[in-house]
Amino acid sequence: MEKQTIGQRIRALRRSKKLTQVQLAKIAGVSSPAVTEWEKDSYLPKAASLDAMAKGLGVTPDFILTGIKTKKLDNNVVPVTSKLLPVLSWVQAGLMSSVEAVDLSEVTEWLPPLSSDDPDECFYLRVVGISNFPTYIEGDYILINPKLCASELISGDLIVVRHGTDATFKKLVIETDGRKYLQALNPNFQPNIIEFEEGAELVGLVIDAFRPLGGSRPKRDRRS
């Protein structure tokens, strides 16, 4: 049996409750065209709509996103968060115009945010390569906020940028004359510093990170 997409799961749940798209839209606090787009896997419901929809459908937000049923919580236990953020591939990061434009049916991994105030539009990338070793090692997850403008960046920010369809994760260096460079944190990685080329686009600001399997968390001063 093929695994359902998020949109297919929403449609199946809606139909099981004998609800129309208009009725589900009212429950979720959105327009009926939004429900149509969810069911087509065009984009993912925002956290507030997801919570309201899950409650109306009698399931958890996690079940809508993953299809995995979680154990019922004790009435005295309050869940920390029901929001999950997508883990995108570097290919998706290099091609996307916005998170909303990503085909979420192709996302295979979802993780909770690292802070309750992380914006809904954030997403994770998994570190590959050694350009930022040992601060960030292969397999670390970095949390990206794509909503900042390039004009809001400051020297020392860790950013993800793309040039064409290639995305890269580096430290931003801004000289006193305004020239911008991208620097690898690994001093032995070559080329260690490259010019922020004309035509390069900001994908987002790295606002946090974590290391799975019990490893220590990379130190990162949060910015939002």
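Relative to the longest principal axis of the Cα atoms of the chain, helix 6-16 runs at roughly 10 degrees.
With respect to the cross-link table entries Lys46/Lys180; Lys69/Lys171; Lys17/Lys83; Lys46/Lys69; Lys26/Lys69; Lys147/Lys171, which display a Cα-Cα separation exceeding 29 Å? Among Lys46/Lys180; Lys69/Lys171; Lys17/Lys83; Lys46/Lys69; Lys26/Lys69; Lys147/Lys171, the Cα-Cα distance tops 29 Å for Lys46/Lys180; Lys69/Lys171.
Sort 106-118, 157-169 for me by packing, meaning the mean count of neighbouring Cβ atoms within 10 Å per residue, highest on top. Can you show the working numbers first?
Working: 106-118: 14.4, 157-169: 17.9.
So the peptides 106-118, 157-169, ranked by packing, come out 157-169, 106-118.
Once the chain from Val87 to Ala101 is taken as fully extended at 0.36 nm per residue, the excess over their C-alpha distance is 3.6 nm.
Using a ≥ b ≥ c from the Cα gyration tensor of the stretch 119-184 (square roots of the eigenvalues), is it rounded, prolate or oblate, where a/c under 1.5 gives rounded and otherwise the larger of a/b and b/c decides, a/b for prolate? In terms of gyration-tensor shape, oblate. For the chain, the relative contact order is 15 percent, taking Cα pairs closer than 8 Å that sit 6 or more residues apart in sequence and dividing their mean separation by the residue count. Distance between the 7 Å Cα→Cβ label points at Arg179 and Glu195: 0.7 nm.
What does the C-alpha gyration tensor say about the overall shape of the stretch 1-49? Classify as rounded when a/c is under 1.5, otherwise prolate if a/b is larger than b/c, or oblate. Here the stretch 1-49 falls in the oblate category.
In whole angstrom, how long is each semi-axis of the equivalent ellipsoid of the chain, when you take the square root of 5 times every eigenvalue of its Cα gyration tensor and sort them from largest down? Don't skip to the end; give the middle numbers.
Numbers: eigenvalues 267, 73, 46 Å².
That gives 37, 19, 15 Å for the three semi-axes.
When the helices of the chain are scored as -39500 (n - 2.57) per DSSP H run of n ≥ 4 and the total is divided over every residue, the value at 222 nm lands at -6000 deg cm²/dmol. Taken one residue at a time, the phi angles of the stretch 33-50 give Karplus couplings (6.51, -1.76, 1.60, θ = phi - 60°) of x, 5, 4, 4, 5, 4, 5, 8, 6, 6, 7, 9, x, 5, 4, 5, 5, 4 Hz. Gly and Pro are set to x. As a calculated quantity, the FRET efficiency between Ser16 and Leu111 at R0 = 25 Å, using C-beta atoms, amounts to about 0.35. Across the stretch 177-188, computed HN-Hα scalar couplings (Karplus, 6.51 cos²θ - 1.76 cosθ + 1.60, θ = phi - 60°) run 8, x, 5, 10, 9, 10, 10, 6, 6, 7, x, 8 Hz from first to last residue, x flagging Gly and Pro.
Where a number appears in this text, it was derived from the coordinates with a stated rule and is not lab data. The model shown is predicted, which means the values in this text are computed figures rather than measured ones. Neighbour counts are summed over all protein chains in view; Cβ atoms, including those assigned to glycine, are modelled from backbone coordinates with ideal geometry.
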